[in-house]
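Working notes, beginning with the structure itself.
The values are calculated or read from the model by the stated rules, or taken from the named source; none is laboratory data. Keep in mind that what you see is a predicted model, and the values were worked out from it rather than measured. Positions of Cβ are backbone-derived with ideal geometry, glycine not excepted, and every protein chain shown enters the neighbour counts.
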Amino acid sequence: MRNFIFRINKKYKLKALVIVALILILVYCTPILIKNSKNIISSSMEYINLDVKLKNVKISGIENTKASEVVNIVSELRGISLSSIDLRKTSSEINNIDWVKKSELRKIYPSTLEVKVYEHNPIAIWYNEGNKFLVDRNSKIISELNPDKFKNLKVVAGPNALEDIPVIISMIENYPDFEKKVKSMLRVGDRRWTIRLHNGITIHLPEKNVANAIKEIEGLDREYSLLSRYIEIIDMRLPDRIDILPAGIMMNSSKI
């Protein structure tokens, strides 16, 4: 009798283990199946809809790129079987457009091609050894674009300035009114910045606490219109004072 009961319990234990195992497999696999369902369906449609022609193209992400340049590339695919379109080849052609950093293409069955464009985002012009380069927020040089076409960007000079350009640009962008007045920046000895304004004022920033110095200048300008005065140099290199040299005076700076 004991042996019989043992066999019955063992049988149900085995079933229970199988059920638990199936539940665990479902719990683990379901998110993966859901995540990849579009790709699975898309891959399946590749084989089912071999004769479906491309009829619609959705393009997004374009701001500076000429839409006609992208349209000219994808328009050559119209009427072609969607399953036979080489996404890598088409993406490569779109990536050759000057403004385009990269592109992503996706087939949406039955007859649509989705094109997502990611553009370059230059934030400054780096002037080094007589040459000008556009720079993005990752300190990467954008060789595809002509710097001469970006008159609105700040010019940054200094042989070792490249890596620090995104930092100083971000600091200045925090103060839009001050940013509008800035024309160029010079990285001095890989230690500090000198800023040149459109009206000719030169600001020597300190080596440390640069953000606080910019905030202080912006505050003084807001309260006293400091940057609209007849000033040649504002020197903030010393931590305990600001020296101001009025325009036309070569010595005897005044102090705030």
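Yes/no matrix, rows are residues, columns are (1) of a type in the set (Lys, Arg); (2) touching a residue at least 40 places away in the same chain (Cβ under 8 Å); (3) under 23 Å from residue 122 (Cβ atoms); (4) surrounded by 17 or more Cβ atoms within 10 Å (Cβ to Cβ):
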{"position": "181", "(1), (2), (3), (4)": "yes, yes, yes, yes"}
{"position": "189", "(1), (2), (3), (4)": "no, no, no, no"}
{"position": "231", "(1), (2), (3), (4)": "no, no, no, yes"}
{"position": "242", "(1), (2), (3), (4)": "no, no, no, yes"}
*Test set (1) surrounded by 17 or more Cβ atoms within 10 Å (Cβ to Cβ); (2) more than 25 Å from the chain's Cα centre (by Cα) - residue 175 fails condition number*: (2)
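Of everything in region 139-163, what is within 21 Å of residue 189 (Cβ to Cβ), among the charged types (D, E, K, R) and not in a strand (DSSP E or B)? Give them in sequence order.
Let us first name the residues in region 139-163 that are within 21 Å of residue 189 (Cβ to Cβ), namely 139, 154-163.
From what is left, the residues that are among the charged types (D, E, K, R) are 154, 163.
Matches in region 139-163: 163 only.
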*Go through region 113-138 and give me each residue that's of a type in the set (Asp, Glu) and either in contact with a helix residue (DSSP H, G or I) (Cβ under 9 Å, 6 or more places away or on another chain) or part of a strand (DSSP E or B) (or both).*
114, 119, 136
_Residue pairs meeting the criteria (Cβ under 6 Å; at least 6 apart or on separate chains; first within 19 Å of residue 173 (Cα to Cα), in region 128-151; second aromatic (Phe, Trp, Tyr) and surrounded by 11 or more Cβ atoms within 10 Å (Cβ to Cβ))_ = 135/126
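Answer yes or no as to whether residue 105 is closer than 30 Å to residue 54 by Cβ and hydrophobic (A, V, I, L, M, F, W, C). Reasoning before the result, please.
Working: closer than 30 Å to residue 54 by Cβ: yes; hydrophobic (A, V, I, L, M, F, W, C): yes.
Considered against the rule, which asks whether it is closer than 30 Å to residue 54 by Cβ and hydrophobic (A, V, I, L, M, F, W, C), residue 105 comes out as yes.
Return yes when residue 91 is in contact with a Leu (Cβ under 6 Å, 6 or more places away or on another chain) and part of a helix (DSSP H, G or I) and no when it is not.
Values: in contact with a Leu (Cβ under 6 Å, 6 or more places away or on another chain): yes; part of a helix (DSSP H, G or I): yes.
Taking the combined requirement at face value, the residue satisfies it.
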*asked:* Quick check on region 106-114. Is at least one of its residues surrounded by 17 or more Cβ atoms within 10 Å (Cβ to Cβ) and within 19 Å of residue 67 (Cα to Cα)?
replied: yes
*Within the set of pairs 6 or more residues apart or between chains, which connect a residue that is more than 16 Å from residue 143 (Cα to Cα) inside region 85-104 to a residue that is among the hydroxyl-bearing types (Ser, Thr, Tyr) and in a helix (DSSP H, G or I) with Cβ atoms less than 9 Å apart?*
103/90; 103/91; 103/92; 104/91
*Give 162, 134 a once-over and let me know the one that is closer than 20 Å to residue 62 by Cβ, in contact with a Phe, Trp or Tyr (Cβ under 9 Å, 6 or more places away or on another chain) and not assigned by TED's automatic domain parsing to the domain that holds residue 65.*
134
*Go through region 168-221 and count every residue that is over 18 Å from residue 135 (Cβ atoms) and not in a strand (DSSP E or B).*
30
_For the condition surrounded by 15 or more Cβ atoms within 10 Å (Cβ to Cβ), under 23 Å from residue 111 (Cβ atoms) and modelled with pLDDT under 90, what is the one hit in 57, 52?_
52
*Residue check, residue 151 against (1) modelled with pLDDT under 95; (2) touching a helix residue (DSSP H, G or I) at 6+ places or on another chain (Cβ under 7 Å), all met but one. Which one?*
(2)
